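A.B. asks: The structure's right below; bear with me while I get my questions together.
The values are calculated or read from the model by the stated rules, or taken from the named source; none is laboratory data. Please read these numbers as outputs of a predicted model, since none were measured by experiment. Cβ atoms come from the backbone with ideal geometry, glycine included; neighbour counts cover every protein chain shown.
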Amino acid sequence: MGTYRVAQVAAAGEPFAVVERETASPGPRQVRIAVEACGVCHSDVYMVNNVLPGIRFPVVPGHEIAGRIAEVGEGTPDLWRVGDRVAVGWFGGSCGVCHPCRQGDFIVCRDLKVPGWAYDGGYAESVVAPFDALARIPDGLTAEEAAPLGCAGVTTFNGLRTSGARPGDRVAILGIGGLGHLAVRYAVAMGFETIAIARGQDKAGFAQELGAHHYVDSSDPSAVAPALRALGGADVVLATATNSEAISATVDGLAPRGELVVVGIDAVPLAITPGQLIMPAKIVRGHPSGTAQDVEDTMAFSALHGIRSLNETMPLAQADEAYQRMLAGKARFRMVLTT
């Protein structure tokens, strides 16, 4: 069938090398995708550095995949055909038999199939994925625009729409980087009074460009909660920042029965006391990304409202450079590999 190129890491922490592999046909209930674009997500660090259990080297990361179906395996529903434009995100398939799956809660599957972890990811010209991982890309999005929505997009979009916030409520977005800049635009489009929280007054103008109605400088974490209370308190804080101190500092700025939704990961524990939660009946919850249908909903909403992530693209051959730019925080705001 020929060969295809992948950008792989041979051992934990090593640089990426582009190599050729023999093209394999999809198995039953799988499809082979000709990859056109793949986002470089900070979560790829967990695969590259062998942080997650069961990582097998060489590793081909990439869970923000966009392309076209090149081949369909036996038993795949007729819904999916060769040539269809599809995306695969963090949700790369589920086991279908664990208790959460039997309840229909596939995103918390105990054997979630994350691309780059369960099988080779999208830093490649070709990917084989189970059909239940597929999300249809709408005509209004290019592959480069669609790719980051499979993780960064769906995580923030779904985090907001599954929160308790309703149109007109005050919603604060902590961090306006790779995830947060999308979250601000989603919050505005959903009809929320939107507060952007970030470090430094220099980001106030950017927050306004994104559509935020208010801006709070978090350079002094102790000033965040008073600033939120002065605005009437946040009904929801979506924490995209990967800093536990910054996340914890927002709790006292929540309105009564307010909700802190955490999507940014930090190894440091949150500093929240039971007393901060009990009397005002506040809620703290973690939020994973979303299923293939959630990714499809995210892309449709983004196309409808003209919401795009700010991307910097590089060819697959420069995967290591793109990864290092992401790691150093030099990308503004999503790195995307193209084939």
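A.B. asks: Report every pair of residues separated by at least 6 positions or lying on different chains whose Cβ atoms are under 6 Å apart, first residue within segment 8-31 and within 13 Å of residue 127 (Cβ to Cβ), second modelled with pLDDT under 95.
C.D. replies: Hits for this filter: 23/1; 23/2.
A.B. asks: Turning to a different aspect of this structure: Check whether at least one residue in segment 34-44 is without any contact (Cβ under 8 Å) to a residue 40 or more places away in the chain and either among the hydrophobic types (A, V, I, L, M, F, W, C) or not assigned by TED's automatic domain parsing to the domain that holds residue 131 (or both), and report yes or no.
C.D. replies: No - not one qualifying residue is present in segment 34-44.
A.B. asks: Could you please find all residues in segment 275-305 being surrounded by fewer than 20 Cβ atoms within 10 Å (Cβ to Cβ) and within 18 Å of the chain's Cα centre (by Cα)?
C.D. replies: 285, 286, 287, 288, 293, 297, 300, 301, 303
A.B. asks: Turning to a different aspect of this structure: Please work out which one of (1) in contact (Cβ under 8 Å) with a residue 12 or more places away in the chain; (2) of a type in the set (Val, Ile, Thr); (3) loosely packed, with under 15 Cβ neighbours inside 10 Å is the condition residue 86 fails and give its number.
C.D. replies: Just one mismatch for residue 86, condition (3).
A.B. asks: Taking residue 53 as meeting all but one of (1) surrounded by fewer than 16 Cβ atoms within 10 Å (Cβ to Cβ); (2) free of Cβ contacts under 8 Å to residues at least 60 places away in the same chain; (3) within 21 Å of residue 294 (Cα to Cα), write down the number of the exception.
C.D. replies: Every listed condition holds for residue 53 apart from (3).
A.B. asks: Looking at this structure, is residue 322 touching a residue at least 12 places away in the same chain (Cβ under 8 Å), hydrophobic (A, V, I, L, M, F, W, C) and under 20 Å from residue 187 (Cα atoms)? Talk me through it step by step, then tell me what you get.
C.D. replies: Numbers: touching a residue at least 12 places away in the same chain (Cβ under 8 Å): yes; hydrophobic (A, V, I, L, M, F, W, C): yes; under 20 Å from residue 187 (Cα atoms): no.
When the stated conditions are applied, residue 322 does not pass them.
A.B. asks: Output the residues belonging to segment 8-43 that are more than 30 Å from residue 329 (Cβ to Cβ) and either surrounded by 15 or more Cβ atoms within 10 Å (Cβ to Cβ) or among the charged types (D, E, K, R) (or both).
C.D. replies: Hits for segment 8-43 are 20, 21, 22, 23, 26, 29, 30, 31, 32, 34.
A.B. asks: Now a separate question. Picking from 193, 209, which residue would you name as being touching a residue at least 24 places away in the same chain (Cβ under 8 Å), acidic (Asp, Glu) and farther than 20 Å from residue 242 by Cβ? Reasoning before the result, please.
C.D. replies: Values: 209 fails: touching a residue at least 24 places away in the same chain (Cβ under 8 Å).
It is 193.
A.B. asks: Would you call residue 93 at pLDDT 95 or above, buried (at least 17 other Cβ atoms within 10 Å of the Cβ) and on the phi > 0 side of the Ramachandran plot?
C.D. replies: yes
A.B. asks: Would you confirm whether or not segment 131-152 contains a residue that is modelled with pLDDT of 95 or more, under 18 Å from residue 210 (Cα atoms) and touching a Gly at 6+ places or on another chain (Cβ under 6 Å)?
C.D. replies: yes
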